[in-house]
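Down below is the structure, laid out as structure tokens.
The values are calculated or read from the model by the stated rules, or taken from the named source; none is laboratory data. Keep in mind that this is a model prediction, so the values were computed, not measured. Every residue, glycine among them, receives a Cβ derived from its backbone with ideal geometry; neighbour counts consider all protein chains shown.
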Amino acid sequence: MAVKNFVVASFDDEAVLFPAVKKVRTAGYKIHDVYTPFPVHGLDHAMGLRETSLHTAGFIYGVCGTTTALSCMSWIFNSDWPLNIGGKPHFPLPAFIPITFELTVLFAAVGMVMTFCYLCNLMPGVKKHIFHPRQTDDLFVMVIEVTAKTNAEEVKALLAQAGGLEINEQRAEAGWWYGRFDQDDEATLYKNAETATVNA
């Protein structure tokens, strides 16, 4: 993961945050992320994020569970251990429904949780750079990535005009890493993420 430059601005009200997000997007700047202390309805659309495909993944996992249940029971009753139980057929579909339903729900639930954790990097031991200590407490924090075509001073001026409270520039690791926040670990990229906070 590469260390990148970011411009960070904090806001104290979601009513100020929404117009600021729209102004930043209209100006053509790349929003790395917006951190909020609670879910903000409509913020994903304001940031231009596409709709999640998690429900599609859940459907695929459910189909896999249904296929696994029916295939396994069919193989057991027809090939591995065929039994004649009161003259019933070897593929009694109504009797398979409860197990098929349970495996469908199990595959879909476990699969969606694991996919969500993978996409959001919520695995045990994963660490991310904290741009502001109050970003999940009582402030809304917008992080803008500084690219080769981005003028950091212009971004700061735009954010100040949009109502930003604390505006600073930071150099940090954009991705995630394994390690601890309270110790320097040469095996992690956090040591290489030099954070320079300059209040505007």
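So which residues in segment 102-148 are among the aromatic types (Phe, Trp, Tyr) and under 25 Å from residue 158 (Cβ atoms)?
Here is the first cut: in segment 102-148, the ones among the aromatic types (Phe, Trp, Tyr) are 107, 116, 118, 131, 140.
131, 140 - these are the residues of segment 102-148 that are among the aromatic types (Phe, Trp, Tyr) and under 25 Å from residue 158 (Cβ atoms).
Considering only segment 67-119, state which residues are assigned to a helix (DSSP H, G or I), more than 33 Å from the chain's Cα centre (by Cα) and exposed (fewer than 11 other Cβ atoms within 10 Å of the Cβ).
Listed by number, the residues that qualify are 71, 79, 80, 94, 98.
Among the residues of segment 35-57, is there at least one that is surrounded by 15 or more Cβ atoms within 10 Å (Cβ to Cβ), of a type in the set (Gly, Ala, Ser) and either in a helix (DSSP H, G or I) or touching a strand residue (DSSP E or B) at 6+ places or on another chain (Cβ under 6 Å) (or both)?
Checked segment 35-57: at least one residue is surrounded by 15 or more Cβ atoms within 10 Å (Cβ to Cβ), of a type in the set (Gly, Ala, Ser) and either in a helix (DSSP H, G or I) or touching a strand residue (DSSP E or B) at 6+ places or on another chain (Cβ under 6 Å) (or both).
Residues to consider are 52, 68, 36; find the one that is under 19 Å from residue 136 (Cβ atoms) and of a type in the set (S, T, N, Q).
On the way: 52 fails: under 19 Å from residue 136 (Cβ atoms); 68 fails: under 19 Å from residue 136 (Cβ atoms).
Matching residue, one of 52, 68, 36: 36.
Consider only pairs whose beta carbons are under 8 Å apart and that are at least six residues apart or on different chains; among these, list those whose first residue lies in segment 160-174 and is farther than 8 Å from residue 8 by Cβ and part of a loop (DSSP other than H, G, I, E, B) and whose second residue is among the β-branched types (Val, Ile, Thr) and modelled with pLDDT under 85.
174/3
Given the structure, is residue 86 small (Gly, Ala, Ser) and at pLDDT 85 or above?
Details: small (Gly, Ala, Ser): yes; at pLDDT 85 or above: no.
Here the answer is no, as residue 86 does not meet what is asked.
Looking at 24, 8, 63, can you tell me which residue is at pLDDT 85 or above, surrounded by 14 or more Cβ atoms within 10 Å (Cβ to Cβ), of a type in the set (Val, Ile, Thr) and more than 21 Å from the chain's Cα centre (by Cα)? Let's see the steps before the verdict.
Values: 8 fails: more than 21 Å from the chain's Cα centre (by Cα); 63 fails: surrounded by 14 or more Cβ atoms within 10 Å (Cβ to Cβ).
Only one candidate qualifies: 24.
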